[in-house]
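Participant: Just passing along the structure, written as structure tokens.
The values are calculated or read from the model by the stated rules, or taken from the named source; none is laboratory data. What you see is a predicted model, and the numbers here were worked out from it, not measured in a lab. Cβ sites come from the backbone with ideal geometry, for glycine too, and all protein chains shown count toward neighbours. Surface accessibility is based on the protein's heavy atoms, side chains included, excluding ligands, DNA and RNA. Shrake-Rupley method; radii C 1.70, N 1.55, O 1.52, S 1.80 Å.
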Amino acid sequence: MSDTLTIFEKGAPGRRAFTCPTLDVPEVDGLLPEAFRRGTEPRLPEVSEPELVRHYVNLSKRNFDLDSGFYPLGSCTMKHNPRLHERVAALPGHARLHPLQTPARAQGALELMWNLERALAEVAGLPHVSLQPSAGSHGELAGVLLTRAFHADRGDVRTKVLTPDTAHGTNPATVTMAGYEVVKLGTNPDGGIDLDDLRAKADEDVACLMLTNPNTLGVFDHNIEEIAEIVHEVGATLYYDGANLNAIMGISRPGDMGFDIVHFNLHKSFTQPHGGGGPGSGPIAVADRIEPFLPRPVIVRGRDGTFDLDDERPKSIGKLRGFQGNYGCFVRSYAYIRSLGAEGLRDASETAVLNANYLLARLRSLGVADELPLAFGELCMHEFVLSGAPMKRDLQIRTLDLAKRLLDHGFHPPTVYFPLLVDEALLIEPTETETRETLDAFAEAIAEILREAAEDPSIAREAPYTTPVRRLDEAGAAKRPVIRQAL
Ligand SMILES: Cc1ncc(COP(=O)(O)O)c(C=O)c1O
């Protein structure tokens, strides 16, 4: 029988997982100010330790995770997170450092952060970094606010931000949140920005163009220098959405392409574990002219080599979050960069691109391309987009059905129905950490699902069969979440 009880519905009154030893020091009352006291005891689960352990271990087994299988979720760079990084982040000097320590007593942490900033600056090709933002989307918000501060400083008021129609949803959402109007740019037949559309829309009201290169179609836009020129000519900034940095680390640098502001998703390219509501990190790198506006405080190194936090930043956009950001993420990503080195990062990107092209070629060799053609181009960068439109027409199964049936083969589905401009889109990103055997098995699973659908499409339409839950009301789960039990 499947266990659907919450931890509060398990156990029995008085049952405990841990019993404290008798107090052998004087009890002190009143340490916690009255305002912070609830007045009533919190209701806690009353369970034994085995019940507690089993509850959470069983819950964890009902999820699909990167540690148990291939997770080719395009645009998300679900790569292996080396265990070494967890050990380093758990060292007491890192894990137990209190965020309220004075800079004088946190020199090691500040030095690590300063070094990480330098390393990220090198990868971005831009000189200044702030580690504060907590996610890619938070980095985007920082970037757009920086753009506004940069223009405002010159008495320049602008109202619009350009985003391509291939952009991730967080780009237009960020623009709206920052109070600008979103203006969409079209895509040319090669998958890059439609330059005529850009020229027509780039005017002195435009504050910024937000772009990712390679973009979410897995296509590198070779017109990037011309794009940068058009954008800079009207006095706008060029923003790099770094979600696709895994394709170009150590090979080409956004700063050299002409970008002014870049965000990194440390939980994508730099092996910080991804998602699950845990802490994330989305540092930003910027050009000299944007530097005065960076979030404060900034980490500075004195002439004697000691580190400090500089809060005297009159033009700063202010603080974006408490303390300096998610420190544990910095430790993991720094460990990654130091253990791979410049050559290793380049190798990771080259292998990511090679793996994506291998998988694409393997799918073609299995005869899948007729039903699932590549949406743009012939080759790809670190990810590629297939269109499920012919499959839907010929085999009567949709991209969603294919994705669900993949779960029965033990694979997490790729991203589906994004980018929006591709009909029945399937966005696949294998990353560099997968073996050839895994890529082969995934390609064979897709071919098998198509063969099966040719015989009986209802099998895929009703999948999955082997997961703890079958088809869910996903829109309902997102729009009307029930995330806690009423107490
Ligand atoms: C292309 C792109 N841009 C931005 C983001 C936003 O990043 P985050 O999820 O860290 O907020 C994502 C996330 O998947 C993305 O794929």
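Participant: Which one of these is of a type in the set (Ser, Thr, Tyr), touching an Asp or Glu at 6+ places or on another chain (Cβ under 7 Å) and surrounded by fewer than 13 Cβ atoms within 10 Å (Cβ to Cβ): THR159, THR102? Spell out how you get there, then give the answer.
Facilitator: On the way: THR102 fails: touching an Asp or Glu at 6+ places or on another chain (Cβ under 7 Å).
Being of a type in the set (Ser, Thr, Tyr), touching an Asp or Glu at 6+ places or on another chain (Cβ under 7 Å) and surrounded by fewer than 13 Cβ atoms within 10 Å (Cβ to Cβ) holds for just one of THR159, THR102, which is THR159.
Participant: Here's a follow-up. Could you grab me the full set of residues in the range 331-364 that are farther than 30 Å from LEU116 by Cβ and in contact (Cβ under 8 Å) with a residue 12 or more places away in the chain?
Facilitator: Scanning the range 331-364 gives ASN357, TYR358, LEU359, LEU360, ARG362, LEU363.
Participant: Right, another one. Out of the strands (runs of 3 or more DSSP E) lying entirely within the range 174-279, which hold 2 or more residues that are open to solvent by less than 10 Å² (accessible area, probe 1.4 Å)? Break it down into steps so the answer makes sense when it comes.
Facilitator: On the way: elements: 181-185, 206-211, 237-240, 261-263.
So the answer is 206-211, 237-240, 261-263.
Participant: Count, please, the residues in the range 164-173 that happen to be open to solvent by less than 30 Å² (accessible area, probe 1.4 Å) and among the small types (Gly, Ala, Ser).
Facilitator: Residues that pass the stated criteria total 1.
Participant: Can you tell me which residue within the range 113-145, out of those that are more than 16 Å from the ligand (Cβ to nearest atom) and among the aliphatic types (A, V, I, L, M), is surrounded by the most Cβ atoms within 10 Å (Cβ to Cβ)?
Facilitator: Taking the range 113-145 as the starting set, the residues that turn out to be more than 16 Å from the ligand (Cβ to nearest atom) are 113-119, 121-123, 125-129.
Remaining after also requiring among the aliphatic types (A, V, I, L, M): 113, 116, 119, 121, 123, 126, 129.
On the way: MET113: 22, LEU116: 25, ALA119: 19, ALA121: 19, VAL123: 24, LEU126: 25, VAL129: 27.
Here the answer is VAL129.
Participant: Given the criteria of a type outside the set (D, E, K, R), loosely packed, with under 11 Cβ neighbours inside 10 Å and over 30 Å from GLY410 (Cα atoms), does PRO13 qualify?
Facilitator: On the way: of a type outside the set (D, E, K, R): yes; loosely packed, with under 11 Cβ neighbours inside 10 Å: yes; over 30 Å from GLY410 (Cα atoms): yes.
When the stated conditions are applied, PRO13 passes them.
Participant: Looking at ARG158, ARG154, ARG148, can you tell me which residue is away from the ligand (no atom under 15 Å from the Cβ), touching a strand residue (DSSP E or B) at 6+ places or on another chain (Cβ under 8 Å) and either in a loop (DSSP other than H, G, I, E, B) or modelled with pLDDT under 95 (or both)?
Facilitator: On the way: ARG154 fails: touching a strand residue (DSSP E or B) at 6+ places or on another chain (Cβ under 8 Å); ARG148 fails: either in a loop (DSSP other than H, G, I, E, B) or modelled with pLDDT under 95 (or both).
Within the list ARG158, ARG154, ARG148, the selection yields ARG158.
Participant: Go through (1) surrounded by 10 or more Cβ atoms within 10 Å (Cβ to Cβ); (2) in contact (Cβ under 8 Å) with a residue 12 or more places away in the chain; (3) at negative phi and name the single condition SER68 misses.
Facilitator: (2)
Participant: A further question on this structure: Part of a helix (DSSP H, G or I), touching an Asp or Glu at 6+ places or on another chain (Cβ under 6 Å) and at pLDDT 95 or above: which single residue out of ALA352, ALA361 fits that description?
Facilitator: ALA352
Participant: Further question on the same structure: Checking GLU312 against (1) over 20 Å from ASN265 (Cα atoms); (2) open to solvent by less than 10 Å² (accessible area, probe 1.4 Å), only one condition comes out false. Which one?
Facilitator: (2)
Participant: Let me ask something else about it. State the number of residues belonging to the range 280-298 that are assigned to a loop (DSSP other than H, G, I, E, B), within 16 Å of the ligand (Cβ to nearest atom) and either among the small types (Gly, Ala, Ser) or open to solvent by 10 Å² or more (accessible area, probe 1.4 Å) (or both).
Facilitator: Number of matching residues: 3.
Participant: Of the numbered conditions (1) of a type outside the set (Asp, Glu); (2) within 16 Å of the ligand (Cβ to nearest atom); (3) under 30 Å from ASP3 (Cβ atoms), THR77 satisfies every one except a single condition; which is it?
Facilitator: Result: THR77 fails condition (3) only.
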